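Notes follow the structure.
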Amino acid sequence: MALKMGQSYKVAVIGAGTAGLLTARELQREGHRVTVFEKADKVGGTWLYSSQVESDPLGVDPNRLVVHSSLYRSLRTNLPRQGMSFLDYPFLKKEGGDDQRNFPGHEEVLRFLEGFARDFGLMELIQFGHEVIRVELVDEVNHEWVVESKTRETDSTWESKEEVFEAVVICNGINTEPKIAEFPGRDTWPGLQMHSHSYRFPQVFENKIVVLIGSGPTAFDLVREISPLAKQLHQAIRTPGFMLIKPENYDNLWQHSMIACAHKDGKVEFQDGSVVDADVILHCTGYKYHYPFLKSDVVTVDGEYVGPLYKHVFPPSLAPWLSFVGLNYRAILFRVMELQARWVAKVLSGKAELPSQEEMTSSVEKLYSELEMTGRSKHHTHRLQNGEVEYVSWLAAQSDTRLPRRWEEISFNTVVKQRSVSLTEKNPSPDSPILYRTSWVFTTVSSYKFYIKRNGTGTHLLHLHFSLFKAQNFNLASTKFDVLANGFLLLCGFSAYNLVLKEFLLRIDSEVLEIMFSPLGNYGFAFLEIDVLDLRI
């Protein structure tokens with residue numbers, strides 16, 4: 001399926017977040033006539049923080065005031081800047097900038113995206129304050145799509161308009177429609193229930209007994225923020241066979257299996273038999289795919305996945321005139337979105353060719369069959385993780401893009417999440433000997449390194465504290481690591497199973513402490529805290 005080379009089309013892009021900006025840039029480069037529809041008055045999408053929360057904090061009322069962004073005030077990136085750079089637009093530390101951290105806060109990401117839009121002349125393509133309410137194919141022969149949008153005239157009145165396009169790219173994100181945990185008694189439980197989508201800061205939980213559902217990155221962030229203020233914090237883990245070891249110094253944190261039942265008297269009962277009289281249930285349970293404006297009998301959007309889509313982008317029977325950018329997760333998303341956007345633009349310009357409709361349909365069916373054979377639901381359709389490197393390489397080949405070496409070496413499975421923890425959070429004494437404390441969540445099965453920058457040299461004591469999350473199909477007893485610090489082998493083939501604390505006395509003669517882990521077996525997730533103590537020697 002090839003289009004005429006060099007043809008210019010009128011293309012609508014829905015959303016001016018990361019995916020929308022990248023798509024607009026690539027389409028404009030290929031000579032297409034681009035209009036970007038953005039509901040907000042600024043670019044950024046999910047990276048545009050708002051202190052406003054939805055009128056229904058659980059997010060189940062269809063008539064609620066919908067807030068697009070899910071950012072909380074303290075949120076920092078899961079990936080380092082290098083993993084959020086674009087091919088020709090690196091996410092650099094600005095000299096004299098407000099946030100110099102490798103894992104910056106959300107404000108720094110927004111500044112990066114604003115700079116990208118400004119430097120590539122994308123602002124003039126964007127219709128701000130335009131909420132898309134309908135996308136519909138009205139002429140299949142001439143591939144004409146109607147995009148209907150509305151703008152606010154006054155506080156109580158809206159004006160709508162329709163515009164016809166030859167192609168539409170949907171880029172308005174996947175982190176807005178909350179997915180809620182299901183358990184008996186949820187709808188009649190009398191306490192406060194909210195989704196992390198409506199979480200902004202922890203003060204609302206002060207002196208409360210909180211039940212938090214979830215074990216992903218957001219759940220870990222919120223556990224750390226809420227624990228110092230809450231009276232009690234009970235974390236419910238939904239995945240069967242998934243066990244947590246309680247992090248050190250979280251004395252008011254209890255970890256349980258999933259909620260068995262919520263009672264009308266306010267009590268919450270867990271599957272492990274324990275019961276707590278809770279004030280709040282906080283759902284850190286992810287999001288659903290949600291595109292209510294798309295009027296199509298061909299594309300299914302059921303919350304768990306969008307389909308059928310060839311390589312997560314093109315519906316076979318509507319390609320290339322309808323496409324999606326940014327549906328994937330468990331991946332280094334900025335680079336995936338950039339390559340998907342480039343692919344879409346190249347296909348529309350005739351420089352990249354799609355397979356036949358039959359071949360694309362067969363590819364989608366093969367993916368669904370593989371999910372079924374491995375016991376995974378369609379919820380995992382757009383999850384990349386283990387297939388990320390192969391997918392990124394495939395996308396690059398479609399648009400004849402040469403990837404930089406750093407992209408070949410880094411993937412979701414070789415990136416760890418680092419958070420700097422303020423000493424005031426867990427160390428009451430200002431005279432604490434702890435010089436540095438960092439924490440990581442990792443899922444890699446490859447060697448990786450991380451660095452701690454220091455202000456001097458000397459002899460230091462290194463504490464490594466592991467918490468292992470036992471997942472099904474993983475044999476933790478066979479999980480072993482080699483550990484090196486600044487090139488010196490500290491441990492050779494030690495087992496992380498049931499490891500609580502290891503201490504190493506180091507003489508550090510450089511300003512950067514480099515620690516390298518080389519896993520020698522399979523495991524699930526692990527949480528690692530690293531303390532470097534000043535021995536004043």
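The values are calculated or read from the model by the stated rules, or taken from the named source; none is laboratory data. Just so it is clear, the structure is predicted and the values come from calculations on it, not from any experiment. Quick reminder, even Gly has a Cβ in these numbers, built from the backbone with ideal geometry, and neighbours come from all protein chains shown. For accessibility, only protein heavy atoms count, side chains too; no ligands or nucleic acids. Shrake-Rupley method; radii C 1.70, N 1.55, O 1.52, S 1.80 Å.
Figures for the structure shown
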quantity: Fully extended contour minus Cα-Cα distance, from L87 to K351, at 0.36 nm per residue; calculated: 93.1 nm
quantity: For the stretch 278-403: span of alpha carbons on each principal axis (Å, largest first); calculated: 59, 35, 32
quantity: Extension reserve of the E148-R101 stretch, reckoned as 0.36 nm per residue once the Cα distance is removed; calculated: 12.8 nm
quantity: Relative packing of 20-27, 133-140, 82-89, 40-47, which averages over residues the other C-beta atoms within 10 Å, highest first; calculated: 20-27, 40-47, 82-89, 133-140
quantity: Compactness relative to 2.2 N^0.38 Å, alpha carbon Rg of the stretch 203-302; calculated: 1.29
quantity: Percent RCO, i.e. relative contact order, over the stretch 1-42, from Cα pairs under 8 Å lying at least 6 residues apart; calculated: 46
quantity: Karplus-derived HN-Hα couplings along the stretch 15-21 (A = 6.51, B = -1.76, C = 1.60, θ = phi - 60°), whole Hz, x at Gly and Pro; calculated: x, 10, x, 4, 5, x, 5
quantity: Rounded to whole Hz, the Karplus (6.51, -1.76, 1.60) HN-Hα couplings of the stretch 57-73, x for glycine and proline; calculated: x, 8, x, 9, 6, x, 9, 5, 6, 8, 9, 6, 7, 10, 5, 9, 4
quantity: Accessible solvent surface per residue of the stretch 311-352, calculated while the other protein chains remain in place, 1.4 angstrom probe, Å²; calculated: 17
quantity: Under 19 Å from the N207 label point (7 Å along Cα→beta-carbon), backbone N, the stretch 215-229; calculated: 226-229
quantity: Among A260, P217, T300 - extreme Cα towards positive end, dipole of the stretch 205-314, charges at beta-carbon; calculated: T300
quantity: Greater than 24 Å apart at Cα, pairs in K42/K94; K42/K351; K267/K288; K4/K150; calculated: K42/K351; K267/K288; K4/K150
quantity: Relative contact order [Cα under 8 Å, 6+ residues apart], the stretch 128-212, whole percent; calculated: 17
quantity: Accessible surface of the stretch 1-81, 1.4 Å probe, proportion on carbon and sulfur as whole %; calculated: 53
quantity: Rounded D (µm²/s) - the stretch 1-133, Kirkwood Rh over Cα pairs, Stokes-Einstein at 37 °C, 0.692 mPa s; calculated: 199
quantity: Probe 1.4 Å, protein heavy atoms only - accessible area per residue of the stretch 150-300 in square angstrom; calculated: 45
quantity: Summed residue charge, Cβ within 13 Å of E304's Cβ, Lys/Arg positive, Asp/Glu negative; calculated: +3
quantity: Residue-span extension gain [R200 to S362] - 0.36 nm each, minus C-alpha spacing; calculated: 53.9 nm
quantity: Within the stretch 1-44: backbone nitrogen closer than 15 Å to the R118 label point (7 Å, Cα to C-beta); calculated: 42-44
quantity: Diffusion constant of the stretch 65-181 at 25 °C, which comes from Stokes-Einstein with the Kirkwood Cα-pair radius and 0.890 mPa s, µm²/s; calculated: 139
quantity: Distance between modelled label sites at K295 and H263, nm, 7 Å Cα→Cβ extension; calculated: 5.1
quantity: Relative contact order of the stretch 264-308, defined on C-alpha pairs under 8 angstrom at six or more residues apart (%); calculated: 24
quantity: Of every Cα-Cα pair in the stretch 345-407, the percent that sits beyond 17 Å; calculated: 56
